[in-house]
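A.B. asks: Got a structure for you, written out below as structure tokens; questions coming shortly.
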Amino acid sequence: MDNKTSVRANRWKRFSNWDDRPLRLDGFAIEDPEHGFSAFNGAKDPKPQVSVSDGRITSIDGVAEQDFDMIDLFIARYHLDPEITEQVMSMPSVEVSRMLVDMNVSREELTWLSRGMTPAKLADVVARLNALEITFAYSKMRARKTPGNQGHVTNAKDDPLQLAADSAIAVALGFDEIETTMRVSRNSWSNALACCVGSAVGRAGTLFQCSSEEAEELEIGMAGFTSYAETVSVYGTEDAFIDGDDTPWSKAWLAAAYASRGIKMRCTSGAAAELLMGFHEAKSLLYLEARCLCMERGMGAQGTQNGGIDGAPLAATMTGGVRELMAENLIAVWLDLECASGNDSRHSESEIRVGAKIAPFLMAGSDLICSGLGTILKYDNSFNPSLFNGEELEEFLVLQRDFEADGGLVPIDEQKALDVRIRAVDAISAVFEELEISSPGEPMKQSVVEASGSDETVSYTPREVSQISDKIKTRNITVDDVIRALHKRGFIEEAEHLMFLVKLRVSGDYLQTSAIVRNKKVISAINDPNDYLGPGTGYRLSEERRKEISAIRDVLDRGEVLRTEETFKRQETRRISYRNMGPSEPGTNPNEVVIGISPGFGIKLFRTLAGHSLSEVLRRIQSGIERGGCTMRVIRFCHTADTSFLGLSAAGLSGSGVGIGIQSKGTAVIHHKDRLPHNNLELFSNAPLTSLEHYFKMGENAAAYTRGTMPDPVIVPTRGEALGARFHGRVALIYAIETAMTSDGAPPVETEITFLDSTS
């Protein structure tokens, strides 16, 4: 017999379901090493090799000295240590990779080895690690013990009032650094001054950067508005470097220029930059980034912003691309560079991929977990949306709590958010008025305080913002002028916070590797070195920090549940009365259905998880029972709060042998006295989705069972909602309240109910 189907389907419909998912908006690329599309093992990746003659590097990774391009030459002269490189390069790569994940091998030993490794060797070693091993190695190799984070503060209008308010929010959230850029390049000075003032609200020591053209960025820094820079771009091929920005030597000069003015400085590089620019040389993302990082170390930069950055979405199109982003971060910290580990560019439309990408860095920690978490909404992010933005910021806070991992941030309550926004708007307005730059009106100020994003603000026109910026620049206004203006207008604390940063620049204390400022103290790789060597070592959450991370919004406790229920108690006392009629006896009426209610039903708890009042639930069940030609009897059980045993106990006392067990939260069963406890007739487990009509049908079906018929079971439809995530915390607390009211052997109590009011 031929059992083959004759149906000819065009497509399995599951693929249509998948087509509607955000993932389908992501682009993916096939591996194509010849055209630069390879995370690892590029078509022309060189083999690790080095030659030394008379203390001079004479070949690197198969390229002889006479054929060096400017990148090879710079690495040979300023990164590689000719005294150790031949020894180090002779070590098998697999042996070195195992050292990276060996908790008994110190970070200091490994950073010493890195000074003798060529880019190809570094890439070859880390490519041997899987994602878990990279995460472990990263936790050991990052420079500073205490993790930190950096945020973006921008808006679509370059509105200085909003920039100040949002900067203050970023400070309140705990960001160690904040970075701005502008939609209109002419507005850089206005943006810088606004964020500078906003970052001084509430706490001293938050470092600030204005990302603009490099020469102007340096000018803004020399005016005192910024305290760090990281947009000094570096590329892994000579053609990309020349096409993009200058040379390694000019970048090294710029790094020195920043340092001479007391400004902290990182370079920026990252996977896929060369591919985007068309100069990939058929080499892998990892190898090209290893070249960048060796140059950055040779320049004497404090650190790097890498992990893909603008190229992260392209890297993520490739097989292993996200692992490569992790691997390049590992090379950065292995080379003893501070690492702002990417996680700024949003690499995917899939929230699952977004969350997965951040998880390794939360678990491992990083000098700066994001090089720009979008503290503002996506549409206000002038850098383009970050991996996490204002919309998802609370989810990041919850991830910290989930893993008990320090992502550098703390929750902020609603009143504090308003307070710091008001203070920041008033402060920047005072500076503008004192320096005769502008005079913001009250409607503008009020709109910014309340607004989530620039779509909701009454703001300056684009021309007015540019005019403000021009005034700041042409009048040579500096941070000293801002400090005086703040002080004169009564913003003493903010003036002192800015003066604190100015003094730090003079001292140069935060020019140490991986330096951030916490509680007015510089912590860095010098005084807070990462000493991770396995369990019990390295960074661990203090109890105080653990409590900070845990203090997210909408956290339930038993007291909160009971306080909320008290509100409903007052309503319920007008709708229903429960009268204790003494111990219950087995019934003799063959047409009765016994309702077994839980200990707290109508006493401490008054509504189901769906929000239905318990009085109306009982009313609907009774209506259904009576529709079926039966009567309802109510018994309160205090020996158990379990739904199945409530139902079985009710059935055991019912003259018909049929009972309904119902908990205060709305979970219910229809049971029969002759069945096993958990082998009920019908189960209504999804209380949050159970409607009043379902309770009516529950009563109707229970009546049908008393007559010996088999009705169609009541189906409570679900669409795959994550009910556990929404309700399980409350469920556990409610059940704990009810079980605390139970007593072994407590007799069932006959309960007379009277409906007082027909209002549901």
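A.B. asks: Residues in the stretch 441-466 that are within 17 Å of Ala156 (Cα to Cα), without any contact (Cβ under 8 Å) to a residue 24 or more places away in the chain and surrounded by 14 or more Cβ atoms within 10 Å (Cβ to Cβ): how many?
C.D. replies: The total comes to 2.
A.B. asks: State whether the residues of the stretch 506-523 include one that is among the hydroxyl-bearing types (Ser, Thr, Tyr), out of contact with any Ser or Thr (no Cβ under 7 Å at 6 or more places or on another chain) and at pLDDT below 95. So that I can check it myself, show each step before the final result.
C.D. replies: Of the residues in the stretch 506-523, the ones among the hydroxyl-bearing types (Ser, Thr, Tyr) are 507, 510, 513-514.
With the extra rule that they be out of contact with any Ser or Thr (no Cβ under 7 Å at 6 or more places or on another chain), the set shrinks to 507, 510.
Of the ones still in play, those that are also at pLDDT below 95 are 507, 510.
Scanning the stretch 506-523, I find at least one residue that is among the hydroxyl-bearing types (Ser, Thr, Tyr), out of contact with any Ser or Thr (no Cβ under 7 Å at 6 or more places or on another chain) and at pLDDT below 95, so the answer is yes.
A.B. asks: Condition check: among the hydrophobic types (A, V, I, L, M, F, W, C), touching a helix residue (DSSP H, G or I) at 6+ places or on another chain (Cβ under 9 Å) and closer than 20 Å to Arg627 by Cα. Does Phe755 satisfy that?
C.D. replies: Values: among the hydrophobic types (A, V, I, L, M, F, W, C): yes; touching a helix residue (DSSP H, G or I) at 6+ places or on another chain (Cβ under 9 Å): yes; closer than 20 Å to Arg627 by Cα: yes.
So Phe755 passes the test.
A.B. asks: List pairs: first residue in the stretch 294-305 and assigned by TED's automatic domain parsing to the domain that holds Leu368 and in contact (Cβ under 8 Å) with a residue 60 or more places away in the chain, second residue among the acidic types (Asp, Glu) and surrounded by fewer than 24 Cβ atoms within 10 Å (Cβ to Cβ) anywhere in the structure, Cβ distance under 8 angstrom, at least six positions apart or on different chains.
C.D. replies: The qualifying pairs are Arg297/Asp336.
A.B. asks: Something else now. Which residues, taken from the stretch 302-319, are closer than 12 Å to Leu285 by Cβ and polar (S, T, N, Q)?
C.D. replies: Listed by number, the residues that qualify are Asn306, Thr317, Thr319.
A.B. asks: Of the residues Val731, Val669, only one is surrounded by 13 or more Cβ atoms within 10 Å (Cβ to Cβ), of a type outside the set (Asp, Glu) and farther than 19 Å from Ala650 by Cβ; which? Explain how you work it out, then say what you get.
C.D. replies: Details: Val669 fails: farther than 19 Å from Ala650 by Cβ.
Only one candidate passes the filter, namely Val731.
A.B. asks: Check Ala495 against each of (1) surrounded by 20 or more Cβ atoms within 10 Å (Cβ to Cβ); (2) assigned to a loop (DSSP other than H, G, I, E, B) and name the one condition it does not meet.
C.D. replies: Going through the list (1) surrounded by 20 or more Cβ atoms within 10 Å (Cβ to Cβ); (2) assigned to a loop (DSSP other than H, G, I, E, B), Ala495 breaks only (2).
A.B. asks: Also: Ala430 fails exactly one of the following numbered conditions: (1) modelled with pLDDT of 95 or more; (2) within 13 Å of Ala164 (Cβ to Cβ); (3) buried (at least 21 other Cβ atoms within 10 Å of the Cβ). What is the number of that condition?
C.D. replies: (3) is the only condition that Ala430 fails.
A.B. asks: Considering only the stretch 693-725, state which residues are touching a residue at least 40 places away in the same chain (Cβ under 8 Å), buried (at least 18 other Cβ atoms within 10 Å of the Cβ) and closer than 18 Å to Arg607 by Cα.
C.D. replies: Tyr695, Phe696, Met698
A.B. asks: Picking from Glu83, Glu95, which residue would you name as being in contact with a strand residue (DSSP E or B) (Cβ under 9 Å, 6 or more places away or on another chain) and either outside any helix (DSSP H, G or I) or more than 22 Å from Asp239 (Cα to Cα) (or both)?
C.D. replies: On the way: Glu95 fails: in contact with a strand residue (DSSP E or B) (Cβ under 9 Å, 6 or more places away or on another chain).
Glu83 is the lone residue from the list that is in contact with a strand residue (DSSP E or B) (Cβ under 9 Å, 6 or more places away or on another chain) and either outside any helix (DSSP H, G or I) or more than 22 Å from Asp239 (Cα to Cα) (or both).
A.B. asks: Would you please name the residue that is nearest to the chain's Cα centre (by Cα), looking only at residues in the stretch 183-192 that are touching a residue at least 40 places away in the same chain (Cβ under 8 Å) and surrounded by fewer than 24 Cβ atoms within 10 Å (Cβ to Cβ)?
C.D. replies: Per the stated criteria, the residue is Arg183.
A.B. asks: Answer yes or no: is there a residue in the stretch 590-597 that is part of a loop (DSSP other than H, G, I, E, B), more than 32 Å from the chain's Cα centre (by Cα) and at pLDDT 95 or above. Steps first, answer last, please.
C.D. replies: Taking the stretch 590-597 as the starting set, the residues that turn out to be part of a loop (DSSP other than H, G, I, E, B) are 590-591.
Now restrict to residues that are more than 32 Å from the chain's Cα centre (by Cα): 590-591.
With the extra rule that they be at pLDDT 95 or above, the set shrinks to 590-591.
Yes: one or more hits.
A.B. asks: Could I ask something else about it? Identify, please: which residue in the stretch 330-351 is in contact (Cβ under 8 Å) with a residue 60 or more places away in the chain and in a helix (DSSP H, G or I) and is, among those, nearest to Ala229 (Cα to Cα)?
C.D. replies: Looking at residues that are in contact (Cβ under 8 Å) with a residue 60 or more places away in the chain and in a helix (DSSP H, G or I), I get Val333.
A.B. asks: Would you please name the residue that is farthest from the chain's Cα centre (by Cα), looking only at residues in the stretch 469-478 that are surrounded by fewer than 22 Cβ atoms within 10 Å (Cβ to Cβ) and in a helix (DSSP H, G or I)? Break it down stepwise before answering.
C.D. replies: Residues of the stretch 469-478 surrounded by fewer than 22 Cβ atoms within 10 Å (Cβ to Cβ): 470-471, 473-478.
Applying the additional criterion that residues be in a helix (DSSP H, G or I) yields 470-471, 473-474.
Working: Asp470: 37, Lys471: 38, Lys473: 37, Thr474: 40 Å.
Residue satisfying both the conditions and the ranking: Thr474.
A.B. asks: If I ask for residues that are more than 30 Å from Leu173 (Cβ to Cβ) and acidic (Asp, Glu), which ones from the stretch 550-587 would you list?
C.D. replies: Here is the first cut: in the stretch 550-587, the ones more than 30 Å from Leu173 (Cβ to Cβ) are 562, 565-587.
Matches in the stretch 550-587: Glu565, Glu566, Glu572, Glu585.
A.B. asks: Now, a different point. Which of the residues spanning the stretch 396-415 are surrounded by 15 or more Cβ atoms within 10 Å (Cβ to Cβ) and of a type in the set (D, E, K, R)?
C.D. replies: Answer for the stretch 396-415, where residues must be surrounded by 15 or more Cβ atoms within 10 Å (Cβ to Cβ) and of a type in the set (D, E, K, R): Arg401, Asp406.
Listed here are the residues, each with its yes/no results for (1) small (Gly, Ala, Ser); (2) touching a residue at least 24 places away in the same chain (Cβ under 8 Å).
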position	(1), (2)
Thr640	no, yes
Gly647	yes, yes
Leu653	no, yes
Ile662	no, yes
Ala668	yes, yes
His671	no, yes
Asn679	no, no
Glu682	no, yes
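A.B. asks: Among all residue pairs at least 6 apart or on different chains, which show Cβ distances below 6 Å where the first residue, located in the stretch 121-139, is farther than 22 Å from Leu533 by Cβ and the second is polar (S, T, N, Q) and part of a helix (DSSP H, G or I)?
C.D. replies: Asp124/Ser93
A.B. asks: Identify, please: which residue in the stretch 193-221 is of a type in the set (A, V, I, L, M, F, W, C) and free of Cβ contacts under 8 Å to residues at least 40 places away in the same chain and is, among those, surrounded by the fewest Cβ atoms within 10 Å (Cβ to Cβ)? Give the steps one after another, and end with the answer.
C.D. replies: Let us first name the residues in the stretch 193-221 that are of a type in the set (A, V, I, L, M, F, W, C), namely 193-197, 200-201, 204, 207-208, 210, 215, 218, 220.
Subsequent filtering for residues that are free of Cβ contacts under 8 Å to residues at least 40 places away in the same chain retains 210, 215, 220.
Working: Cys210: 25, Ala215: 10, Ile220: 24.
In this case the residue turns out to be Ala215.
A.B. asks: Any idea which residue in the stretch 557-578 is nearest to the chain's Cα centre (by Cα), counting only those that are surrounded by fewer than 13 Cβ atoms within 10 Å (Cβ to Cβ) and more than 17 Å from Thr754 (Cβ to Cβ)?
C.D. replies: Going through the qualifying residues, I end up with Asp557.
A.B. asks: Can I ask one more? Go through the stretch 334-348 and report how many residues are touching an Asp or Glu at 6+ places or on another chain (Cβ under 9 Å) and over 16 Å from Gly390 (Cα atoms). Show your work before the answer.
C.D. replies: Of the stretch 334-348, the ones touching an Asp or Glu at 6+ places or on another chain (Cβ under 9 Å) are 335, 337-342, 344-345, 347-348.
This time we only want the ones that are over 16 Å from Gly390 (Cα atoms), so: 335, 337-342, 347-348.
Number satisfying all stated conditions: 9.
A.B. asks: Name the residues in the stretch 173-193 that are of a type in the set (D, E, K, R) and either outside any helix (DSSP H, G or I) or under 30 Å from Ile549 (Cα atoms) (or both), would you?
C.D. replies: First, the residues of the stretch 173-193 that are of a type in the set (D, E, K, R): 176-177, 179, 183, 186.
The answer is Asp176, Glu177, Glu179, Arg183.
A.B. asks: I would also like to ask the following. If Ile734 passes every condition in (1) over 19 Å from Ser615 (Cα atoms); (2) in a helix (DSSP H, G or I) but one, which one does it miss?
C.D. replies: Ile734 satisfies every listed condition except (1).
A.B. asks: Take Arg142 and tell me if it is buried (at least 24 other Cβ atoms within 10 Å of the Cβ), at pLDDT 95 or above, more than 30 Å from Leu435 (Cα to Cα) and of a type outside the set (Val, Ile, Thr).
C.D. replies: Details: buried (at least 24 other Cβ atoms within 10 Å of the Cβ): yes; at pLDDT 95 or above: yes; more than 30 Å from Leu435 (Cα to Cα): yes; of a type outside the set (Val, Ile, Thr): yes.
Judged against the criteria, Arg142 is a match.
A.B. asks: With the structure loaded, tell me whether Arg421 is assigned to a helix (DSSP H, G or I), of a type in the set (Lys, Arg) and under 16 Å from Val153 (Cβ atoms) or whether it fails that test.
C.D. replies: So Arg421 fits the description; yes.
A.B. asks: Are any of the residues in the stretch 211-232 within 29 Å of the chain's Cα centre (by Cα), farther than 26 Å from Val506 by Cβ, in the same structural domain as Ile437 (by TED's automatic domain parsing) and among the hydrophobic types (A, V, I, L, M, F, W, C)?
C.D. replies: no
A.B. asks: Out of curiosity, is Lys157 charged (D, E, K, R) and not in a helix (DSSP H, G or I)?
C.D. replies: Values: charged (D, E, K, R): yes; not in a helix (DSSP H, G or I): yes.
Judged against the criteria, Lys157 is a match.
A.B. asks: Keeping to the stretch 747-759, report how many residues are at pLDDT 85 or above and surrounded by fewer than 15 Cβ atoms within 10 Å (Cβ to Cβ).
C.D. replies: Narrowing the stretch 747-759 to residues at pLDDT 85 or above: 747-756.
Now narrow it down to the ones that are surrounded by fewer than 15 Cβ atoms within 10 Å (Cβ to Cβ): 747, 752, 754-756.
Result for the stretch 747-759: 5.
A.B. asks: Every residue in the stretch 362-417 that is of a type in the set (Phe, Trp, Tyr) and modelled with pLDDT of 95 or more, please.
C.D. replies: Tyr379, Phe388, Phe396, Phe403, listed by residue number.
The values are calculated or read from the model by the stated rules, or taken from the named source; none is laboratory data. Owing to the predicted nature of the structure, the values given are computational and were not obtained by experimental measurement. When we count neighbours, we look across all protein chains shown, and the Cβ atoms used for this are built from the backbone with ideal geometry, even at glycine.
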